[in-house]
1. Within segment 200-218, which residues are modelled with pLDDT of 95 or more, in a loop (DSSP other than H, G, I, E, B) and either within 23 Å of residue 137 (Cβ to Cβ) or out of contact with any Pro (no Cβ under 8 Å at 6 or more places or on another chain) (or both)?
2. Looking for whichever is among the basic types (Lys, Arg), open to solvent by 30 Å² or more (accessible area, probe 1.4 Å) and in contact with a strand residue (DSSP E or B) (Cβ under 9 Å, 6 or more places away or on another chain) here; the options are 143, 135. Which one fits?
3. Which residues, taken from segment 146-186, are of a type in the set (S, T, N, Q) and open to solvent by less than 30 Å² (accessible area, probe 1.4 Å)?
4. Identify all residues within segment 195-226 that are buried (at least 21 other Cβ atoms within 10 Å of the Cβ) and either more than 17 Å from residue 27 (Cβ to Cβ) or of a type in the set (S, T, N, Q) (or both); write none if there are none.
5. State the number of residues belonging to segment 28-43 that are open to solvent by 20 Å² or more (accessible area, probe 1.4 Å), at pLDDT 95 or above and either under 15 Å from residue 82 (Cβ atoms) or out of contact with any Pro (no Cβ under 7 Å at 6 or more places or on another chain) (or both).
6. Can you run down the residue pairs with Cβ atoms below 6 Å, 6 or more apart or on separate chains, where the first is in segment 103-128 and open to solvent by less than 50 Å² (accessible area, probe 1.4 Å) and the partner is modelled with pLDDT under 90 and part of a helix (DSSP H, G or I)?
7. Of these, 176, 182, which one is touching a Leu at 6+ places or on another chain (Cβ under 6 Å), assigned to a helix (DSSP H, G or I) and modelled with pLDDT of 95 or more?
Amino acid sequence: MKLVACLSAQDQVEVRGQLDLLTDLSYDYLEFRADMFTQAWTGRSLLSAVRSIKRRITPHPLILTLRTYREGGGDPLVDEKKKTEIIRDLLAISPGDDWGPDLLDLEWSLGRDRLQDLGEAARGGKMAVISSCHRFCGSFSSREAEALYLAMVEAGSDYQKLAFQVSRPEDLEGPAQGLDRARNLRPDIRPILIGMGEAGLTSRLPGPQNPSLWTYAYIQKKSAPGQLDARTLSHLLYGRN
């Protein structure tokens with residue numbers, strides 16, 4: 001299991017403070033939750049922010065996430081249309097060098113056609129694509145999870161993520177069963193499966209029964225219900241902090 005440290009900040013001062021906390025921490029990826037910023041982004045200003053962060057975290061890969069408000073983002077003005085506009089502008093000016101995003105998180109709610117279009121542009125800029133689907137009012141059934149994982153990998157994503165609210169540990173069983181069936185059909189699925197909330201704790205911890213390739217942890221501010229802090233998870237995974 002790989003550790004994704006989540007940078008969730010409102011301004012550049014908070015960004016610098018959280019990056020300072022990473023200097024002695026073992027982690028695998030940094031996720032920049034750009035939707036938590038108070039400023040309104042353009043493609044150019046977002047690429048500039050990404051480049052500034054990359055200079056601090058290299059050689060760690062950077063995941064760029066700009067959530068719509070419906071998918072848990074902090075800006076009510078960012079809907080699917082606005083997100084597409086910002087990301088498309090960023091991809092148009094990104095030179096495909098080592099200082100842009102390494103991975104781009106695209107929500108399944110953008111629609112398959114739009115996701116495939118942005119995904120192709122991202123891969124042209126040497127970025128991998130995470131297709132993500134969130135549900136904040138309950139879990140997915142096993143059939144829903146199976147269908148989503150298959151649809152996301154067939155749409156060309158490099159990683160496939162389901163995150164859902166759980167009220168009891170048993171709520172994790174349906175999505176995990178659906179993932180098993182999907183992987184029997186498509187062994188190339190690279191799954192991320194997260195149960196949000198305290199009852200989903202086991203989905204965030206390493207273990208033989210956890211199929212998720214990655215776990216997400218906050219640096220200073222939680223960006224999802226039930227998220228653990230990065231230092232605790234880093235210690236569990238690597239024991240060096």
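1. 212
2. Working: 143 fails: in contact with a strand residue (DSSP E or B) (Cβ under 9 Å, 6 or more places away or on another chain).
Of 143, 135, the one residue that is among the basic types (Lys, Arg), open to solvent by 30 Å² or more (accessible area, probe 1.4 Å) and in contact with a strand residue (DSSP E or B) (Cβ under 9 Å, 6 or more places away or on another chain) is 135.
3. Residues satisfying the conditions are 157, 160.
4. Those that are buried (at least 21 other Cβ atoms within 10 Å of the Cβ) and either more than 17 Å from residue 27 (Cβ to Cβ) or of a type in the set (S, T, N, Q) (or both): 195, 196, 200, 203, 212, 215, 223.
5. 1
6. Taking only residues 6 or more apart or on different chains, the pairs are 107/71; 110/80.
7. None of the other options fit; the residue is 182.
Listed here are the residues, each with its yes/no results for (1) within 17 Å of residue 90 (Cα to Cα); (2) at pLDDT 95 or above.
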site: 105; (1), (2): yes, yes
site: 109; (1), (2): no, no
site: 130; (1), (2): yes, yes
site: 138; (1), (2): no, no
site: 142; (1), (2): no, yes
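The values are calculated or read from the model by the stated rules, or taken from the named source; none is laboratory data. Predicted model only: the values in this text are computed from it and were never measured. Every residue, glycine as well, gets a Cβ built from its backbone with ideal geometry; the counts of neighbours run over all protein chains shown. Quick note on the areas: whole protein, heavy atoms, side chains included, nothing else; ligands and nucleic acids left out. Shrake-Rupley method; radii C 1.70, N 1.55, O 1.52, S 1.80 Å.
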